[in-house]
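J.: Below is the structure I would like to discuss, written out as structure tokens.
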4 protein chains.
Amino acid sequence: MITIDLNCDIGESFGIWRMGNDEALMDWVSSVNVACGFHAGDPSVIRKTIQTAIQKGVAIGAHPSFPDLQGFGRREMKLPEEEVFDLVLYQVSALKGICEALGGQLHHVKPHGALYNQAAKNSSIARAIAEAVKSIDKNLILFGLSGSFLISEAENLGLKTASEVFADRTYQPDGTLTPRNFPNAVIKDTSLAIAQAIQMITTKTVTATNGEKIPIKAETVCIHGDGEKALDFARNINLSLKKIGVTIKPIAR
Amino acid sequence: MITIDLNCDIGESFGIWRMGNDEALMDWVSSVNVACGFHAGDPSVIRKTIQTAIQKGVAIGAHPSFPDLQGFGRREMKLPEEEVFDLVLYQVSALKGICEALGGQLHHVKPHGALYNQAAKNSSIARAIAEAVKSIDKNLILFGLSGSFLISEAENLGLKTASEVFADRTYQPDGTLTPRNFPNAVIKDTSLAIAQAIQMITTKTVTATNGEKIPIKAETVCIHGDGEKALDFARNINLSLKKIGVTIKPIAR
Amino acid sequence: MITIDLNCDIGESFGIWRMGNDEALMDWVSSVNVACGFHAGDPSVIRKTIQTAIQKGVAIGAHPSFPDLQGFGRREMKLPEEEVFDLVLYQVSALKGICEALGGQLHHVKPHGALYNQAAKNSSIARAIAEAVKSIDKNLILFGLSGSFLISEAENLGLKTASEVFADRTYQPDGTLTPRNFPNAVIKDTSLAIAQAIQMITTKTVTATNGEKIPIKAETVCIHGDGEKALDFARNINLSLKKIGVTIKPIAR
Amino acid sequence: MITIDLNCDIGESFGIWRMGNDEALMDWVSSVNVACGFHAGDPSVIRKTIQTAIQKGVAIGAHPSFPDLQGFGRREMKLPEEEVFDLVLYQVSALKGICEALGGQLHHVKPHGALYNQAAKNSSIARAIAEAVKSIDKNLILFGLSGSFLISEAENLGLKTASEVFADRTYQPDGTLTPRNFPNAVIKDTSLAIAQAIQMITTKTVTATNGEKIPIKAETVCIHGDGEKALDFARNINLSLKKIGVTIKPIAR
């Protein structure tokens, strides 16, 4: 039996500003990554988001970021490893405590935006994140880009990981994502994106931009939460996967 | 045998800016209240402060505040009770997680500045704080102004409390602190301040500004951490209390 | 000939989060109040907003606020008058410079949210705001609640003012707005709101909640910029006023 | 007659946290660069700093930064040129307006920290800064690292510039500063630092780390404002330069 996790970033409203359609999305994913207040989210948004996630029964993760509200955590920042450790420690601790106070349990951690990208390419940053997560709870699952340093460093520390793949992004022959500034970086056709997800999940390969089939480990698929079509896509990929017999459920702790 | 707790606010540096003489102060107090990042402290300051506190063996508390870095949490803000609950939940959760990740344990919570003052006078705010603390860990001790709503609301919820008194502030006949804008609000003479502390601890009374002796419950004495004389005062009051046989130790959980 | 100004708050997006339909709204108002970065807006949002306002030919005002991004400047904060002076000085200076750098001119200042409300009721806060505005440019027009301290203090300092009225809020017999927590505070029926605006503009009276007609000075009408119906309402009131011969144009400097 | 400008960063306190000895330092420098609120400074600190600078008669500059209070603007951030333009426009506008409101005049702009370093090496960032400055006032003088892109891009746009040198930093044979992580990056001996400043000012050369004398343009010398010895150094270099007949005065507009 093939199983896969579908994960989605949520809780990315801030103050009066709304983003995403969190509640509806939670019906179609098995895991959610909750913004921790550094790129989005505030204490009230976080508490409400976690309450809803507990009600919906999805696996709850922390989604820590560089401190950059204006840039939504997407702008590169260069921080010493120690500061990265500290900011992950702070954010994940906050989320874990709120989960538990509300009767839930923190299940995983997935770094956000520029921090996620740095953790993929820079082993020291990856290690700092993994060490922070481990210091909080060695049973937390660390989500990272499939094949990246975040996965390998976490495994070196003995953490359980989830290799993340993207349905709607193209891959290079070396297994990395095609950078967003390339014209063919994004797969805009929904059925092609779903087809790529199915290929990755069922065959453990992806067809790179040069046509070559390369191996890829797919344990969780990232579903984008924002934009008009996000909900449609989430439902579509969920139903398509179920139709071919794939079971959608969170990574086991 | 008479025992008392001496507590001090610490971890109030931010980024490059330093405040207080935390490490030295910890030799003379039994409990510390660590800023949580909303009025002072950042993830790195917090982590280092808690590491030091664990090494020094003092009881560690969270010191949550209104979100007001520029005003150091001292400016009045009017927030709905629900938002107060949420911001206490977030900050205390972060501190608890960091303590535990570093091998320590969170012992208590003391609201900071304007939040502390509102919690003293406003029972709804007091209750929101107490509920947040209880939701995280019902064994956390809530520190509040002696005789205030924060103490009574926490007790109504079944939380253990610590009634806080001030050595260097004068009291009104009704047991409230003389407001800071009154000329006689602060006791500047160190020996008079220590004498007032001793009176409160040993006789459970304080002499109000009108000369009347009034009852007061003193379980923890606040030691200010900043200013040139803070360290001297902390050592002085510590040694003076020990000299008369008072045992200085944290509130028992 | 009767003239009136219609003003609207704009530039209230922040980072990735969008708010309002600024560009379309500018077709139906004569003045705009641009958020300055303290309750909403960031340097990029502000620059783009002012560029659009210059293109549309509307009168551009600064919309300074308490520093409270999470609370959208709507939460009461208690600041010393001097700090209020300083934060208005900073925000209005920033907006003025950006306007001029882009080839425009700053026309007016309208405090936002909790600062607006405090300035209406507290003469010291009103005076601090007016002094900051005057120190920057004595020809700036200060917008304030009709009949409030902000208007009188600004006039005491020799500033030109614009008395603001609300089409969709009810008034008390003493000329103040019915507080928002009262059931009849808001006029939800668009045609009634427009009728109230027309009455205020043409007869210089408003019918208070007790049925009494009271005098009111109406120089500018506030048009809310957010919500689904905001654009409809703006067009409606604009066309209704023009239909009865009222000229819509900015307050003359 | 040889003249030189001595400049110093000031106004780098924030809220309750103090930094530097601004008032005393202003007696020994001819120009000051005032933090604009993004890496340090808040509206009240800025206003007070500018008031003092006007009283002391030093030339006042804006010292804009990346938005990074916790990192004091020293952490690398990667922003699109347009956002750099916008944040310089905002910060310099705020400072210019405050100067003028208080009866002074903004004289120059010097980017801070990581923004200064990026502007030295990256011509697009340099150009974005120069364009923002020019759009505000084409007579503002742009301070940048001697020989850097910030100087050349500003000159391409027709702006007046000031080539900045450092008394206490060593130079590489190619004229760049030795990176701070090199052991010989900083000249700790005060008399050697002053000797280097005198050499740069009087001979238009500096002796690089390999012993080679290389040409350098020195129009303004950076005096560090923080640290215990800052004031001593400022007085020392000021008096040493005067002793050999160098006139200390701001760059002429």
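The values are calculated or read from the model by the stated rules, or taken from the named source; none is laboratory data. All figures in this text were calculated on a predicted structure; none of them were measured in a lab. Neighbour counts run over all protein chains shown; Cβ positions are idealised from the backbone, glycine included. The accessibility values were calculated without ligands, DNA or RNA, using every heavy atom of the protein model including side chains. Shrake-Rupley method; radii C 1.70, N 1.55, O 1.52, S 1.80 Å.
J.: What is the distance in Å between the Cα centroid of the stretch C:195-224 and that of the stretch B:153-171?
T.: 52
J.: If you don't mind, there's one more thing I want to ask. Quantify, in whole percent, the carbon and sulfur part of the accessible surface of the stretch C:1-137 (1.4 Å probe; protein heavy atoms only).
T.: Heavy-atom surface of the stretch C:1-137 belonging to carbon and sulfur, 1.4 Å probe: 44 percent.
J.: Order C:H39, B:H224, most accessible first, counting only protein heavy atoms with a 1.4 angstrom probe.
T.: Output order, biggest surface exposure first: B:H224, C:H39.
J.: Interface D/C, total buried accessible area with a 1.4 Å probe, nearest 100 Å²?
T.: About 1800 Å² of accessible surface is lost on pairing.
J.: Looking at the axis that maps chain C onto chain B, which chain C residue has the closest Cβ, and how far off is it in Å, rounded to a whole number?
T.: Closest Cβ on chain C to the axis mapping it onto B, in Å: C:M77, 3.
J.: Quick check: from the Cα gyration tensor, does the protein assembly as shown come out rounded (a/c under 1.5), prolate or oblate?
T.: rounded
J.: Calculate the length of the line joining the C-alpha centroid of the stretch C:78-108 to that of the stretch A:115-145, in whole Å.
T.: 43
J.: Something else now. Let me confirm one metric for peptide D:28-41, namely the mean number of other chain beta-carbon atoms within 10 Å of its residues' beta-carbons.
T.: 1
J.: Is the shape of the stretch A:1-75 rounded, prolate or oblate, going by the alpha carbon gyration tensor and its root eigenvalues a ≥ b ≥ c, with a/c under 1.5 for rounded and a/b larger than b/c for prolate?
T.: prolate
J.: Hey, another quick one. Work out the mean other chain Cβ neighbour count within 10 Å for the residues of C:161-173 and drop it here as an integer.
T.: 0
J.: Put +1 on the Cβ of every Lys and Arg and -1 on every Asp and Glu Cβ in chain A; which of A:I194, A:L87, A:F149 then has its Cα farthest towards the positive end of the dipole?
T.: It is A:I194.
J.: Can you give the FRET efficiency to the nearest 0.05 for D:S191 and D:E23, using r as the Cβ-Cβ distance and R₀ = 22 Å?
T.: 0.25
J.: Quick one: putting +1 on the C-beta of Lys and Arg, -1 on the C-beta of Asp and Glu, what dipole do you get for the stretch D:1-86 around its Cα centre, in Debye to the nearest 20?
T.: Details: 7 positive and 13 negative charges, 64 e Å.
Charge dipole, the stretch D:1-86, about its Cα centre: 300 debye, nearest 20.
J.: Okay, moving on. For A:T161, list long-range residues whose amide hydrogen, built 1.01 Å from N in the peptide plane, is under 5 Å from its own amide hydrogen.
T.: For A:T161, the qualifying residues are A:L142.
J.: Where the label is 7 Å out from Cα toward Cβ, how close does C:A185 come to the same position in every other copy, in nm, shortest first?
T.: Relative to the other copies, C:A185 has label-point distances of 3.1, 4.5, 5.5 nm.
J.: Moving on to the next point. For a Förster distance of 41 Å, can you work out the FRET efficiency between the beta-carbons of B:A252 and B:N181, rounded to the nearest 0.05?
T.: 0.65
J.: What residue among A:T202, A:T161, A:T49 shows peak mean-square fluctuation when chain A is described by a Gaussian network model with Cα springs under 10 Å?
T.: Of A:T202, A:T161, A:T49, the Gaussian network model singles out A:T202 as fluctuating most.
J.: Buried by at least 20 Å² relative to the chain on its own: which residues of the stretch A:77-101 qualify, computing accessible area with a 1.4 Å probe on protein heavy atoms?
T.: Output list: A:M77, A:K78, A:E82, A:E83, A:D86, A:L89, A:Y90, A:S93, A:A94, A:G97, A:I98, A:A101.
J.: Here is a follow-up. Measuring label to label, 7 Å along Cα→Cβ, what does D:E82 give against each other copy in nm, shortest first?
T.: For D:E82, the other copies' label points sit at 3.7, 3.9, 4.2 nm, shortest first.
J.: Same structure again: For the stretch B:173-179, in order, what is each residue's ³J(HN,Hα) by Karplus, 6.51 cos²θ - 1.76 cosθ + 1.60 with θ = phi - 60°, in whole Hz (x at glycine and Pro)?
T.: Those phi angles translate into x, 8, x, 8, 6, 5, x Hz.
J.: Beta carbons within 10 angstrom, averaged per residue: use that to sort the peptides A:106-115, D:190-199, highest first.
T.: Result, highest mean first: A:106-115, D:190-199.
J.: Only Lys, Arg, Asp and Glu count, each charged at its Cβ (+1, +1, -1, -1), so figure out the dipole size of the stretch C:48-125 about its Cα centre, rounded to 20 debye.
T.: 380
J.: Under a point spin-label approximation (7 Å from Cα along Cα-to-Cβ), what is the A:I54-A:D174 distance to one decimal in nm?
T.: Each label point lies 7 Å from its Cα, and together they span 4.5 nm.
J.: Where does chain D land on Rg/Rh, using Cα atoms and the Kirkwood Rh?
T.: Looking at chain D, the ratio lands at 0.94.
J.: With +1 on the Cβ of every Lys and Arg and -1 on the Cβ of every Asp and Glu, and nothing else charged, how large is the dipole of chain A about its Cα centre, in debye rounded to the nearest 20?
T.: Its charge dipole is roughly 540 debye.
J.: Further question on the same structure: Between A:L150, A:L142, A:L177, which gets the highest mean-square fluctuation from a Gaussian network model of chain A, Cα cutoff 10 Å?
T.: A:L177
J.: I need the calculated FRET efficiency for the pair A:T202 and A:E82, taking r as the beta carbon distance and R₀ as 35 Å, to the nearest 0.05. Please list the in-between numbers first.
T.: On the way: r = 42 Å, r/R0 = 1.20.
Once rounded, the FRET efficiency stands at 0.25.
J.: If you don't mind, there's one more thing I want to ask. Hey, got the average number of other protein chain Cβ atoms within 10 angstrom for residues in B:136-146?
T.: 1
J.: Hey, what's the stretch C:33-108 come to in accessible area per residue, 1.4 Å probe, Å²?
T.: 27
J.: Further, regarding this structure: For the stretch C:155-202, rounded, prolate or oblate, judged on the Cα gyration tensor with a ≥ b ≥ c (square roots of eigenvalues), a/c < 1.5 rounded, else prolate if a/b > b/c?
T.: Since a/c reaches 1.5 but b/c is at least a/b, the shape of the stretch C:155-202 is classed as oblate.
J.: Kindly give the distances from B:D27 to its copy-mates, label point to label point, with each label point 7 Å from Cα along Cα→Cβ, as nm values to one decimal ordered shortest first.
T.: Result, one decimal in nm: 3.6, 6.5, 7.4.
J.: Given the options A:L140, A:L241, A:L102, which has the most mean-square fluctuation in a GNM of chain A, springs set between C-alpha atoms less than 10 angstrom apart?
T.: A:L102
J.: Just to confirm, what accessible area per residue do you get for the stretch A:149-217 at 1.4 Å probe, in whole Å²?
T.: On the way: 3470 Å² over 69 residues.
Accessible surface, normalised per residue, equals 50 Å².
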